[in-house]
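Below is one structure, written out as structure tokens; the observations come after it.
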Amino acid sequence: MAFDVVLETERLRLRPYRADDLDDLAEMFADAEHMRWYPSAFTREQTQAWIDRQFQRYVEDGFGLFLAELREGTAFAGTIGPTVQTVEGERRVEIGWHIRPWLKGRGLAVEGADAARSWAFETLGVDHVISLIRPENTASRRVAEKLGMSIERETMHADLRHYVYRGERPSTSRLAT
């Protein structure tokens, strides 16, 4: 199944990855400070493998991460969106985000993740989403908390300690008056 969804927020356009996104993603993922919550920064080859994994997710799961562009000028802003992660043997939909270092602190991660989360609830029919976040990553923890997510538990993921943040599908039921 082709993944051809495009989401727009006030400041962002979220679209599927393309092969020509390698340069932008490789630059961001090569930044050691940006990647400090991962085992290491990515080489260009590791970034290509990351892109290839998204293409595989688009086929196998029907969705995956979006590339985030600023709507004004379509400049690369990062990567945001839903992916399937296996947590303690259970497949769950995660909302993840990476914002270019010089764009951090502007609320773009919250804005894009909120759109991706809404899309996941509406399209995938899940009753909750998660975000795997290293305990030391206070910036990402703040993003999750601004999204109304809370810590469900701690887990080991990719041999590193993570909090599993959980966000519930908003209730659409109304009480009769």
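The values are calculated or read from the model by the stated rules, or taken from the named source; none is laboratory data. Predicted model, so just to flag it, every value in this text is computed and none were measured. Because the Cβ atoms are built from the backbone with ideal geometry, glycine has one as well, and the counts that use them run over all protein chains shown.
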Check your understanding: Could you give every pair whose Cβ atoms fall below 8 Å, whose first residue belongs to region 30-45 and is without any contact (Cβ under 8 Å) to a residue 12 or more places away in the chain, and whose second residue is part of a loop (DSSP other than H, G, I, E, B) and of a type in the set (A, V, I, L, M), counting only separations of at least 6 or pairs across chains?
Key -> A32/A41; M35/A41; S40/A32
**Study point:** Considering residues of region 63-100 that are at positive phi and surrounded by fewer than 18 Cβ atoms within 10 Å (Cβ to Cβ) only, the residue modelled with the lowest pLDDT
**Key:** T74
Review point. Does region 45-62 contain at least one residue that is on the phi > 0 side of the Ramachandran plot and not hydrophobic (A, V, I, L, M, F, W, C)?
Key: yes
Review point. In region 115-143, how many residues are assigned to a loop (DSSP other than H, G, I, E, B) and more than 20 Å from V5 (Cβ to Cβ)?
Key: 5
Practice item. Would you confirm whether any residue within region 71-80 is among the β-branched types (V, I, T), under 25 Å from Q48 (Cα atoms) and within 11 Å of the chain's Cα centre (by Cα)? Key: yes
Practice item. From the list S118, S171, S150, pick out the single residue that is free of Cβ contacts under 8 Å to residues at least 12 places away in the same chain, farther than 20 Å from G64 by Cβ and small (G, A, S). Key: S171
Exercise for review: Select from region 117-150 the residues that are of a type in the set (D, E) and closer than 22 Å to W37 by Cβ and write down the one among them that is surrounded by the fewest Cβ atoms within 10 Å (Cβ to Cβ).
Suggested key: E136
Study note, to complete from the structure: Across region 1-17, the tally of residues that are in a loop (DSSP other than H, G, I, E, B) and among the acidic types (D, E) stands at 2
Check your understanding: Identify, please: which residue in region 104-116 is over 17 Å from W37 (Cβ atoms) and in contact with a helix residue (DSSP H, G or I) (Cβ under 9 Å, 6 or more places away or on another chain) and is, among those, surrounded by the fewest Cβ atoms within 10 Å (Cβ to Cβ)?
Key -> G107
Exercise for review: For region 151-163, state whether one or more residues are modelled with pLDDT of 95 or more, in contact with a Pro (Cβ under 6 Å, 6 or more places away or on another chain) and surrounded by 14 or more Cβ atoms within 10 Å (Cβ to Cβ).
Suggested key: yes
